[in-house]
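Let me begin by presenting the structure, written as structure tokens, before commenting on it.
All of the numbers you see were taken from the coordinates with simple rules; none came from a lab. A quick note: this is a predicted structure, and the numbers were derived from the prediction, not measured. Heads up, the Cβs are rebuilt from the backbone with ideal geometry, glycines too, and the neighbour counts pull from every protein chain shown.
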Amino acid sequence: MLVIEAADIWKRFRIPHHRRPSILEQIAGVLSVLEGERYTYEEFWALKAVDFKLERGESLGIIGPNGSGKSTLLKLMARIMKPDRGTIETDGRIVPILELGIGFQGDLTVKENALVYGVIMGIPRAQMKKRIESILDFAELARFQDAKLKNLSSGMQVRLAFSIAVETEADIFLVDEALAVGDMEFQKRCLARFRQFKNEGKSIVLVSHDVSLVKAFCESTLYLLNGEMRDFGPSDRVTDTYVKDVESGAQPLASQQVSQHM
């Protein structure tokens, strides 16, 4: 049973060439009211003609160099942004584990932040109070529960946010390099939790530069390059293609499509 189906996904961003000093001048430039140089921008296609499917209980890896469109695709799946063309159909509740820790307050304690963040993530207050001890233990922060959050390292804060996020009742988890936080023991616990989710029929989309992790954990992998699909299919084959491209320095896809508008 499909939980995600993406069909012909395109996403465009506009990159301005000049910043005008006021909104009024910008509008006037677009409407050609003011004389002189008009407002210019570039159209940057971050994703072009991307298609993939994900079955319930399976994991999808997304790999590729920086700037290839991986995080953009996750945000489209999370409904943070909309595609310019194409459709993404999902079946089930999605929890994005993307920009972890947004909403944390430095002057509150670790425990207080955990309680508030859990409610923001959709966990009922009564359940958060019952789960708080196990969350802090999972994040290895139990002895810091009464410390102000601003005194913790950024890595510790991300561990806390991650530990709360995996407590949510979700059908699909979107993970963007979250497993890179913490030591090896913490990463092992994260993977064990995700394997538990898979056994429960939940699905995971994992963006990572760790090719060995993607190869071991994900049944299928999408390899993006310059916003296009370089390869999609079984993880063994796709990760091997990626490694060969990196080793050879190959850039097999067409360059980015950029157009200027005056």
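A few points about this structure:
- Point-to-point label distance, A126-R143, nm (Cα→Cβ direction, 7 Å offset): 3.5
- Once the chain from E133 to F44 is taken as fully extended at 0.36 nm per residue, the excess over their C-alpha distance is 27.4 nm.
- Extension gain, R79 back to D91 (0.36 nm per residue minus Cα-Cα distance, nm): 3.0 nm
- Ignoring aspartates and glutamates fewer than eight residues from K198 along the same chain, the ones with Cα atoms less than 17 angstrom from its Cα are E55, E58, D91, E167, E169, D171, E219.
- Per residue, the average separation of C-alpha pairs within less than 8 Å and at least 6 apart gives the range 101-168 a relative contact order of 46 percent.
- A simple spin-label model places the labels of I102 and V243 3.5 nm from each other, with each point 7 Å out along Cα-to-Cβ.
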